[in-house]
Amino acid sequence: MSTDKNMAVCDCTVIHEETVERVRKEMPHERLLDGSADFFKVVGDRTRIRILHALFQSEMCVCDIAVLLEMNQSAISHQLRVLKQAGLVKYRREGKIVFYSLDDEHVMNILDQGLVHVGHK
């Protein structure tokens with residue numbers, strides 16, 4: 001292996017066919033990879049992560065989330081719309097109030113793992 005500007009490059013011309021084929025069989029389908037990349041794009045925003053952490057604690061309305069995060073309701077509504085379109089949050093209406101909650105708890109498991117990872121650095 002040689003390095004060029006901190007990039008590891010293989011000097012050999014031998015392809016380890018068995019390894020390549022074994023790994024190829026274990027690779028997720030392209031549709032799943034695309035969905036995973038989209039998921040990380042959505043949760044790759046600090047405000048959306050904060051909203052998801054808040055909703056993990058309790059369902060909340062836009063007004064309460066805005067006060068908690070010290071942001072205006074319009075900005076929170078926009079971020080909730082993105083999270084809803086991604087299937088990460090759901091809502092229920094109670095009279096004139098709309099309450100948001102996590103669509104499933106898998107999201108928080110992933111975010112918690114991210115926090116654990118960052119905490120180890």
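Values quoted throughout were computed directly from the atomic coordinates according to the rules given, and no laboratory measurement underlies them. These figures come from a predicted structure and were not determined experimentally. Cβ sites come from the backbone with ideal geometry, for glycine too, and all protein chains shown count toward neighbours.
Please give the net charge around residue 101, taking every other residue with its beta carbon less than 14 angstrom from that of residue 101, where Lys and Arg add +1 and Asp and Glu add -1.
Cβ neighbours under 14 Å give a net charge of -2.
Do the sum for the chain: with -39,500 (n - 2.57) for every DSSP H run of n ≥ 4, divided by all residues, what is the mean residue ellipticity at 222 nm, to the nearest 500 deg cm²/dmol?
Working: 6 runs with 70 residues, N = 121.
Helix-only estimate at 222 nm: -18000 deg cm²/dmol.
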Open item on the list: Using +1 at the C-beta of Lys and Arg and -1 at the C-beta of Asp and Glu, which of 83, 115, 102 has the Cα lying farthest in the positive direction of the dipole of the stretch 20-121?
Closed with: 83
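So for the chain, averaging the separation of alpha carbon pairs under 8 Å that are six or more residues apart and normalising by length, what relative contact order in percent results? Numbers along the way, then the final one.
Working: 81 pairs, mean separation 23.8, N = 121.
That works out to 20 percent.
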Open item on the list: Cut-off under 16 Å on the C-alpha distance; same-chain residues fewer than 8 positions from residue 96 excluded. Which aspartates and glutamates are left, in chain and number order?
Closed with: 59, 64
TODO: Mind pulling up the Rg/Rh value for the chain? Radius of gyration and Kirkwood radius, both on Cα.
DONE: 1.18
TODO: For residue 98, enumerate residues with amide H under 5 Å from its amide H, sequence gap 5+ or separate chain, H modeled in the peptide plane.
DONE: 62
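Want the number for residue 19 to residue 97: 0.36 nm per residue separation, take away the alpha-carbon distance, what's left?
Numbers: separation 78, 0.36 × 78 = 28.08 nm, distance 5.59 nm.
Extending this stretch completely gives an extra 22.5 nm.
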Task: Inter-probe distance in nm under a simple model that places probes 7 Å from Cα toward Cβ, at residue 71 and residue 40 - done: 2.2
